[in-house]
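Q: Take this structure first; my questions come after.
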Amino acid sequence: MPFVRIDAIRADEKRLEAVGRAVHDALVEAVGIPQDDLFQVLTSHDGSQRVLRYGTFPAMDRDDDIVFVAITMRSGRTAEQKQALYRRIAELAQEYAGTEPRNVLVTITENEPIDWSFGDGVAQYAEAAPH
Amino acid sequence: MPFVRIDAIRADEKRLEAVGRAVHDALVEAVGIPQDDLFQVLTSHDGSQRVLRYGTFPAMDRDDDIVFVAITMRSGRTAEQKQALYRRIAELAQEYAGTEPRNVLVTITENEPIDWSFGDGVAQYAEAAPH
Amino acid sequence: MPFVRIDAIRADEKRLEAVGRAVHDALVEAVGIPQDDLFQVLTSHDGSQRVLRYGTFPAMDRDDDIVFVAITMRSGRTAEQKQALYRRIAELAQEYAGTEPRNVLVTITENEPIDWSFGDGVAQYAEAAPH
């Protein structure tokens, strides 16, 4: 279910894959997402037609290794789960891709079970949960 | 009002346009969106600088014809409307672009009328509905 | 905190930067975002692998100078603040990039403080505000 967009700067395919894997493994470990519940859009920005801009808020020393991770998922995760998720993404991004924790920005947007169709033109969560 | 991002893999301009048209026509038919209420970002991913990753959840046999459709729209649509929308997107994506229903992932994110400015620096829905 | 995606058509680096700066300055002026609280993804679409499609809703005469601005930010801004934001984005996009107000579409998606990690694997807003 999580739908994830990841944006990085001048990252090759291998680095994109490593960061994507870090985010997915963190979702599996920290939030209990099924292993095969993987939907990611990974984009490397060339600095001319595709550009990332970033500041230092809140007193964070970032550089061009920056990674933006935007996660859309169903509501219902607790604050503790989200905090564990951020921690684990930062750890695994460093382990898999060498990205320092200061360079990992994560933002979550939530929606509801009815807001997902995984294929076949069906709202699978609505079918599964009859309420 | 719907703002739609569509991501596909190695799709040419014609296929992107066909998928975009499928999603828009489905929004018009199933949710009552005006015909001219069209705002889409369509991206073809080359597999190196722009990459899509996907799994099999929930027991769905996908391949590189996969299409991610992310719709932002105002809240207020019923579950039945959303289900009709998913069904119609799947039907029209197959009809217009040859994309099989198993390869169409749709996710919806909702916001409110005040969250839209269609131009001229104005929140048109807020002006129209004085609540 | 705002995380902003900006999409334009055949825009060079200079124009992307000008539009990005317009949006950021408007956020600072109209909504009180800190100057260094800048996180933007700017994409120029070539019309073949990356395509924008747009209609005329609601009676707006757009052309290929169109700019889509999608802002994710914490909930809590008032209708008045959002209206001031739209107005200021339109003004500054014209001033900095020559983009006419009719060509500026803005949409806002809101989330909560816990939905942000600015780096170091931490949910900074959750730490700062012990609710």
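Q: If you fit an axis through the alpha-carbon atoms of helix B:79-97 and take the longest principal axis of the Cα set of chain B, what angle between them do you get, 0 to 90°, nearest 10?
A: Around 50 degrees separate the two axes.
Q: Between A:D63 and A:E127, what is the spin-label point distance in nm, taking each point 7 Å from the Cα along the Cα→C-beta axis?
A: 5.0 nm
Q: If I model a spin label as a point 7 Å beyond the Cα along the Cα-Cβ vector, how far apart are those points for C:S75 and B:E80 in nm?
A: In this crude label model, C:S75 to B:E80 measures out at 2.8 nm.
Q: In addition: Hey, how many Å between the Cα centroid of region B:1-36 and the Cα centroid of region C:40-86?
A: 17 Å
Q: On to the next question. Pick from A:D63, A:D36, A:D25 the residue whose mean-square fluctuation is largest in a GNM of chain A, springs joining Cα atoms under 10 Å.
A: A:D36
Q: Run through region B:1-49 and list the trypsin sites (Lys or Arg not before Pro) located in a DSSP loop whose Cβ has at most 15 other Cβ atoms within 10 Å.
A: B:R10
Q: Here's something else I'd like to know. Which of the listed residues, C:I6, C:G32, C:P58, is farthest toward the dipole's positive end in chain C, when Lys, Arg count +1 and Asp, Glu count -1 at the beta-carbon?
A: Sorting the options by dipole projection puts first C:P58.
Q: Moving to a separate point now. In peptide A:26-37, how many Cβ atoms from other protein chains are near each Cβ within 10 Å, on average?
A: Neighbouring Cβ atoms belonging to other protein chains average 2 per residue here.
Q: For the pair B:R10 and A:E29, how long in nm is the line joining their label points, each one 7 Å along Cα→Cβ?
A: 3.3 nm
Q: Separate question: Which net charge results for the neighbourhood of B:Q94, defined as the other residues with beta-carbon distances under 14 angstrom from its beta-carbon, given Lys and Arg at +1 and Asp and Glu at -1?
A: Computed value for this residue: -1.
Q: So, one more: Ignoring ligands, DNA and RNA, how much accessible area is buried between chains C and B, both sides summed, with a 1.4 Å probe, to the nearest 100 Å²? Let's see the in-between values first.
A: On the way: alone 7750 and 7730 Å², together 12580 Å².
For chain C against chain B, roughly 2900 Å² becomes buried.
Q: Further, regarding this structure: Return P(r) of chain A (all Cα-Cα pairs; 10 Å bins starting at 0; whole %; ordered from short to long distances).
A: Percent of Cα pairs in each bin: 12, 41, 31, 13, 2.
Q: Find, to one decimal place in angstroms, the Kirkwood hydrodynamic radius of the protein assembly as shown, where the mean of 1/r is taken over every pair of different Cα atoms and then inverted.
A: 20.9 Å
Q: Please list log₁₀ I(q)/I(0) at q = 0.22, 0.23 Å⁻¹ for region C:1-54, using the Debye equation with identical point scatterers on the alpha-carbon positions.
A: Those come out to -0.80, -0.85, one per q.
Q: Using a 10 Å cut-off on Cβ to Cβ distances, tally the other chain neighbours for every residue of A:53-65 and report the average as a whole number.
A: That works out to 5 on average.
The values are calculated or read from the model by the stated rules, or taken from the named source; none is laboratory data. In this text, all values refer to a predicted model and were calculated from it rather than measured experimentally. No Cβ is skipped: glycine too gets one built from the backbone with ideal geometry, and neighbour counts run over all protein chains shown. What goes into the accessible areas is simple: the full protein's heavy atoms, side chains included, and nothing from ligands, DNA or RNA. Shrake-Rupley method; radii C 1.70, N 1.55, O 1.52, S 1.80 Å.
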